[in-house]
Amino acid sequence: MRDERQFSMPAGLRRDVRILGDALGQIIGEAGGTDLFRTVETLRNAAIDFRRDETPEGLADIRAQIDAMDLGRAEAVARAFTCYFQLINLAEERQRMRALRERGETREAIGGSLAAAVNEAVARDGREALMGLLGRLRIHPVLTAHPTEARRRVVTEALRRIGEQLDRFDQSNLPRTQRADIARHLREEIAILWRTAQIRDRRPTPLDEVRRNLAVFDDTLFLVVPRVYRELDRALGPETVGARAPSFPAFLRWGSWVGGDRDGNPFVTATVTARTLAIQTDHVLRGLERATRRIGRTLTATATSTPPSRALRAALDEDARRWPDHWASIVKRATDQPHRLRMLAIADRLEATREHGTHAYGSAREFIDDLAVLQESLHRGGARRLAYGELQHLRWQAETFGFHFASLEIRQDSGTHDAVIRELAPHAERDLLALDQLATEGWPDGVEPTSELAAEVIGTLRTMAELQRVHGVEACRRYAVSWSREAVDVMTVRALARLAVQREWARELGHRLLVLERRAVHAIARHRVVGVRDEEDPRAEGDLFAPDPVRVAPPVPALVMMEDPGRDRLDAERAQHPVADLRVAPEYEELRVAQRAGLAEDLLRHGELPEVVEAAGQPDELDLLCAQAEEHGEPGGELADDV
């Protein structure tokens, strides 16, 4: 099933199209007989002719052929063309990869590659400036939800397997019998594709989408992420790559709307969000555990050739105390191989974490610290390539994905929030100061949602707090409000967040129970600084739920604003609330509430804040105010410095 008329195309692409077309034609003939094959070929050739010469007669011929088909034949022909175009697209994707590989065989850096970017940055700004930039770099791709995506995961996996067989044809000097076996396997995979339903017989659920994302994680992201870091590492020091520690921190972090975006999708509930993160965590822990065991089996260096460090010996002693019954069986697998022994123990602890067993890791940070001890021991023992080879890849994976894969981002419509406030606190609806009072001072006793809508909104915020408690703040901290136009759209969610955790707040005085996105919003109302903690604050990571003896402070959500309110709206808001000055940061399309001119001086004059000290990175005056306020008892959340 191919077009015999030759078009200008690379030899490799022409070969792949020929191989795939011939194989698909054979499968169609076997499944539907020669009549089906002939029908498909006649229609395809008519379409090609019409594309070259769009005449009324040609179009009439195509329509006549289709009209002559009964429903069964039409379905089979549609299936044939679907498979055909999927295979042609696959061949084109492989050709692009083939071209990139060929370009990569030259000694010069490929344009657009990390190596080329490094060369350009060093030439323009110098190496010191580049290293400073890499120290601040953060890239945060977000996987968005597509509940109407038609292609099934099984179809994607079938195409991947077909691509693997095509890759085998690229090997040179293949024996005739091996080439014949590849062709047989290729036809088998195409037969599977032909007989697999292309669309689902039911609407995909949000959890179906979660699992689909995790298939991408398995097939691509988990493997590609360390390669990206390694390419940059090689560009910065090709002579010693793999024999030294990388000179930059891990800068990739992933986010996901799948299982969190409930705007217009009633099937995404608080229960679905909690289940989403549970699935992601289980999946990532399995991937890290498999990689840890695989690498552990290769660390066969003996204690004589590579003496363990004092820290590693202490860790092994702790392992022996942790698993007195289990330790003997581990030791049998790694006699006189301390680094292998430690890796196997770490893998067992990852398994315990996944199964919620005893001695589980409390956080991904603990796992990363264990890997760092191993690397330091191997480095001191002279095995630097063992320290910074595959073990470094594992560390990059842990630093990038943590134990949660991607940070869940919650999204809801501002109109939904208004409806909930209308039910629970009608006096505060669209009233910035009243909402601020609820968020800061708390809600009256006995206020609980009665409608299903309100219960779901409050339940979602409570779920976020629980996910942060169990999995860490980074697992779910961003809350996107669609159709946001005014500062009150932000304050509404802040008030609802306070209600969501108010009971827990009373029980655990001073604990931070809900932390949302660190970046988007600061609010100043009635000369009260409602700010966020600066990312450079050493308290900003790791102890967000620790008691704060200085104050009892409400959670302060900072929310990604999904709509640029426009200049007219900003001017109107300024007129309505003269204490606030609204600004737009277009690069994030977020509404930011900043202080009015002179507020900082007013606060300093009255002795409410110490003198503002200029910080690195030149944050604006409000950022510094918020950091100062954080230390002096003002309510606050967190702020990520925009790099």
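Restricted to region 210-224, and to residues there that are surrounded by fewer than 21 Cβ atoms within 10 Å (Cβ to Cβ), of a type outside the set (A, V, I, L, M, F, W, C) and in contact (Cβ under 8 Å) with a residue 12 or more places away in the chain, the residue that is nearest to Leu159 (Cα to Cα) is Asp219. The set of residues in region 425-467 being closer than 24 Å to Arg478 by Cβ, free of Cβ contacts under 8 Å to residues at least 40 places away in the same chain and open to solvent by 20 Å² or more (accessible area, probe 1.4 Å) consists of Pro449, Leu453, Ala455.
Checked against (1) of a type outside the set (Lys, Arg); (2) open to solvent by less than 70 Å² (accessible area, probe 1.4 Å); (3) over 28 Å from the mean Cα position of the chain (by Cα); (4) closer than 27 Å to Arg253 by Cβ, Met131 meets all criteria but (3). Within region 403-424, the set of residues being of a type in the set (Gly, Ala, Ser), part of a helix (DSSP H, G or I) and in contact (Cβ under 8 Å) with a residue 40 or more places away in the chain comprises Ser414, Gly415. Listed by first and then second residue, the pairs linking a residue in region 66-85 that is under 19 Å from Arg187 (Cβ atoms) to a residue that is among the aromatic types (Phe, Trp, Tyr), with Cβ atoms under 9 Å apart and 6 or more places separating them unless they lie on different chains, are Arg79/Trp194; Ala80/Phe37; Ala80/Trp194; Cys83/Trp194. From the list Val490, Val420, Val470, the lone residue that is crowded, with 17+ Cβ neighbours inside 10 Å and at pLDDT below 95 is Val490.
Regarding Ile368, is this residue crowded, with 20+ Cβ neighbours inside 10 Å and at pLDDT 95 or above? So Ile368 fails the test.
Tell me which residues, restricted to region 429-452, are among the charged types (D, E, K, R) and in contact with an Asp or Glu (Cβ under 8 Å, 6 or more places away or on another chain).
Residues of region 429-452 among the charged types (D, E, K, R): 429-431, 436, 441, 445, 448, 452.
Selection gives Glu429, Arg430.
Considering Gly242, Gly264, Gly259, which residue is closer than 15 Å to Ala145 by Cα, open to solvent by less than 30 Å² (accessible area, probe 1.4 Å), not aromatic (Phe, Trp, Tyr) and not in a strand (DSSP E or B)? Selected residue: Gly259, the only one of Gly242, Gly264, Gly259 that is closer than 15 Å to Ala145 by Cα, open to solvent by less than 30 Å² (accessible area, probe 1.4 Å), not aromatic (Phe, Trp, Tyr) and not in a strand (DSSP E or B). Scanning region 372-419 for residues that are over 30 Å from Val272 (Cβ atoms) and of a type in the set (Asp, Glu) gives Glu376, Glu390.
One line per residue, one yes/no per condition, for (1) at pLDDT 90 or above; (2) crowded, with 16+ Cβ neighbours inside 10 Å:
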{"residue": "Met1", "(1), (2)": "no, yes"}
{"residue": "Arg5", "(1), (2)": "no, no"}
{"residue": "Asn45", "(1), (2)": "yes, no"}
{"residue": "Glu75", "(1), (2)": "yes, no"}
{"residue": "Phe85", "(1), (2)": "yes, no"}
{"residue": "Ile88", "(1), (2)": "yes, yes"}
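Inclusion of Ala158 among residues that are open to solvent by 10 Å² or more (accessible area, probe 1.4 Å) and hydrophobic (A, V, I, L, M, F, W, C) is not warranted.
Within region 247-266, does at least one residue satisfy the condition of being touching a Phe, Trp or Tyr at 6+ places or on another chain (Cβ under 7 Å), among the hydroxyl-bearing types (Ser, Thr, Tyr) and on the phi < 0 side of the Ramachandran plot? Write out each step before concluding.
Here is the first cut: in region 247-266, the ones touching a Phe, Trp or Tyr at 6+ places or on another chain (Cβ under 7 Å) are 250, 254.
Now narrow it down to the ones that are among the hydroxyl-bearing types (Ser, Thr, Tyr): none.
Looking for residues that are touching a Phe, Trp or Tyr at 6+ places or on another chain (Cβ under 7 Å), among the hydroxyl-bearing types (Ser, Thr, Tyr) and on the phi < 0 side of the Ramachandran plot, one finds none in region 247-266, hence no.
Looking at this structure, is Ala31 open to solvent by 30 Å² or more (accessible area, probe 1.4 Å), touching a Phe, Trp or Tyr at 6+ places or on another chain (Cβ under 8 Å) and either under 22 Å from Thr196 (Cβ atoms) or part of a helix (DSSP H, G or I) (or both)? Here the answer is yes, as Ala31 does meet what is asked. Among the conditions (1) under 18 Å from Val155 (Cα atoms); (2) open to solvent by less than 90 Å² (accessible area, probe 1.4 Å), Leu13 misses just one, which is (1).
The values are calculated or read from the model by the stated rules, or taken from the named source; none is laboratory data. Here the structure is a predicted model, which means the values were calculated and not measured. Please note: Cβ atoms are built from the backbone with ideal geometry, for glycine as well, and neighbour counts cover all protein chains shown. Surface areas here come from the heavy atoms of the whole protein model, side chains and all, with no ligands, DNA or RNA. Shrake-Rupley method; radii C 1.70, N 1.55, O 1.52, S 1.80 Å.
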